[in-house]
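The values are calculated or read from the model by the stated rules, or taken from the named source; none is laboratory data. Remember, it's a predicted structure, so these values are computed and weren't measured experimentally. Every residue, glycine as well, gets a Cβ built from its backbone with ideal geometry; the counts of neighbours run over all protein chains shown. Each accessible area value is taken on the protein alone, full model and side chains, heavy atoms only, with ligands, DNA and RNA left out. Shrake-Rupley method; radii C 1.70, N 1.55, O 1.52, S 1.80 Å.
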Amino acid sequence: RTHVDVLNTCSSFTEAHRAAAKCSAQLLSKIAMNEDIVDLIVECGAVPALVKQIQTPPLLAESDPIPFEYEVEKACAFALGLIAVKAEHQQLVVDAGALPCLVNLLKMHKDGCNSREMNGVIRKAADAITNLAHENARIKTRIRTEGGIPPLVQLLEYHDIKVQRSAAGALRTLAFKNDENKNQIVECNALPTLVLMLSSEDVTVHYEAVGVIGNLVHSSPNIKKDVLLAGALQPVIRLLSSSCLESQREAALLIGQFAAADSDCKVHIVQRGAVPPLIEMLTSSDVQLKEMSAFALGRLAQDAHNQVGIVQSGGIVPLLSLLDSKGGPLQHNSAFALYGLAENEDNVVDLIKTGGVQKLLEGEFIA
């Protein structure tokens, strides 16, 4: 309560006020890291007090330097983001007027300044937007109407890699199951930069980028075509062999989505080397990775030449072994892939020789 009072009373750009506000905002953000205490912080009126500090107070004179520039705003944005982790507080933060302020913080790089502090405040603002929008359709739309998408797309090309990553994370959340947001992200010309990010050596960058593209493509055939035209196919295939499990999973899901586009695309995916890493994934210890790779192979196996190619690359045995799994979706995806392979007469002998008939007759199928 004391820290909230400080934030409410220290409303000018004097050094004393800024120093006190910085100290209280930092302490509140540290306390907010404990999810059990977040409700208490909210009850003490922290949200409007924090929002007040990310608005721009009047300067003493236009030429005056701002004490603790960006530091107060960074700590406040960080605290608001932590509060927004709890779904029940998301609307409260928005109702307090946080969104236009956070969007303004995203645009700070246009001032021409470049400092660690400025990078930090932009990153925390993007992270706060991510947390506010998480599984909240209304707030996702509100962020778009407040003008949040264009600055986030611009930040994908920012010189600081952590800022790039946070901007991609926010776009990934905003694109999930929101067609208008997807369209605006594409209209803002995000695709060329996202495709470049897929080839980043930084694991966290390509993981976020493939996640954004995956959410853009989902249930959007037109965007799927745009993504392929932007050159995403080969970098996504390369990510099937990534050291990052999450990137592999996202890439496999994306290959499955690309494979549904048209027959030509299915053939191109196989020609470009996707099948061996997908088959290797079938023996992974990660259930979701196996599920996604079986899904992708099932889609690819809707083409006659691919059916033979998948068998030739050793796909039958691991797919048959996955019929013994205890997960319905994994069993289903494997059975669907085998159904595609069995459609081709060239594969029948291999299916019988590897014990496929017995597996199909004796298996315990959940779904």
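Data overview
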read-out: When each of Lys177/Lys326; Lys266/Lys290; Lys177/Lys225 is checked by Cα-Cα distance, pairs over 26 Å; value: Lys177/Lys326
read-out: Cα-Cα pairs of segment 281-367 separated by more than 15 Å (percent); value: 51
read-out: Cleavage-rule hits, trypsin sites (Lys or Arg not before Pro), segment 267-367, DSSP coil, Cβ neighbours within 10 Å at most 12; value: Lys326
read-out: Cut-off 9 Å between beta-carbons: net charge of the residues surrounding Gln164, Lys and Arg +1, Asp and Glu -1; value: -2
read-out: Loop-located GluC sites (Glu not before Pro) in segment 134-218, at most 12 other Cβ atoms within 10 Å (DSSP); value: Glu135, Glu201
read-out: In sequence order, calculated HN-Hα J values of segment 215-221 (Karplus, 6.51, -1.76, 1.60; Hz; x Gly/Pro); value: 6, 5, 6, 4, 6, 9, x
read-out: Viscosity 1.567 mPa s, 4 °C: Kirkwood-radius Stokes-Einstein D of segment 167-214 over Cα pairs, µm²/s; value: 122
read-out: Range of Cα positions in segment 129-259 per principal axis (Å), largest first; value: 38, 33, 24
read-out: The chain, helix-only ellipticity at 222 nm - DSSP H runs n ≥ 4, -39,500 (n - 2.57), divided by all residues, nearest 500; value: -21500 deg cm²/dmol
read-out: Student exercise, segment 271-328 dipole from Lys, Arg, Asp, Glu Cβ charges, in Debye to nearest 20; value: 80
read-out: Segment 1-52 and segment 288-302: distance between their alpha carbon centers, rounded to Å; value: 49
read-out: Global size of segment 63-139 as Cα Rg and Dmax, reported in angstrom; value: 13.0, 43
read-out: Net charge of Cβ neighbours under 12 Å - reference Arg138; Lys, Arg +1; Asp, Glu -1; value: +1
read-out: For segment 69-148 and segment 330-367, distance of Cα centres in Å; value: 50
read-out: Candidate lysines - alpha carbon under 17 Å from Lys162, same-chain residues fewer than 8 apart omitted; value: Lys74, Lys107, Lys124
read-out: Which of Pro221, Leu351, Ile310, positive extreme of dipole for the chain (C-beta unit charges); value: Pro221
read-out: Shape call, segment 3-143: gyration tensor on alpha carbons, a/c limit 1.5; value: oblate
read-out: Trypsin sites (Lys or Arg not before Pro) restricted to DSSP loop in segment 1-59 with at most 16 other C-beta within 10 Å; value: Arg1
read-out: Mean projected area (nm²) of the alpha-carbon convex hull when segment 72-198 is viewed from all directions; value: 7.1
read-out: Structure-derived Cα Rg over 2.2 N^0.38 Å - corresponding label in [x] 1.20; [y] 1.02; [z] 1.29; value: [x]
read-out: Segment 104-241: relative contact order in percent, alpha carbon pairs under 8 Å with at least 6 residues between; value: 20
read-out: Only Lys, Arg (+1) and Asp, Glu (-1) charged, at Cβ; the chain dipole about Cα centre in debye; value: 280
read-out: 10 Å-binned pair-distance histogram of segment 203-310 (Cα, whole percent); value: 16, 53, 29, 2
read-out: Reach of Lys140 by Cα under 16 Å, taken over aspartates and glutamates that are not fewer than 8 positions away in the same chain; value: Glu88, Asp95, Asp127, Asp179, Glu180
read-out: Where Asp286, Asp346 fall by accessible area, highest first, once all protein chains stay in place (1.4 Å); value: Asp346, Asp286
read-out: Environment charge at Val51 (Cβ cut-off 13 Å; Lys +1, Arg +1, Asp -1, Glu -1); value: -1
read-out: Positive-end residue of Val267, Ala294, Ser284, charge dipole of segment 237-296 with Cβ unit charges; value: Val267
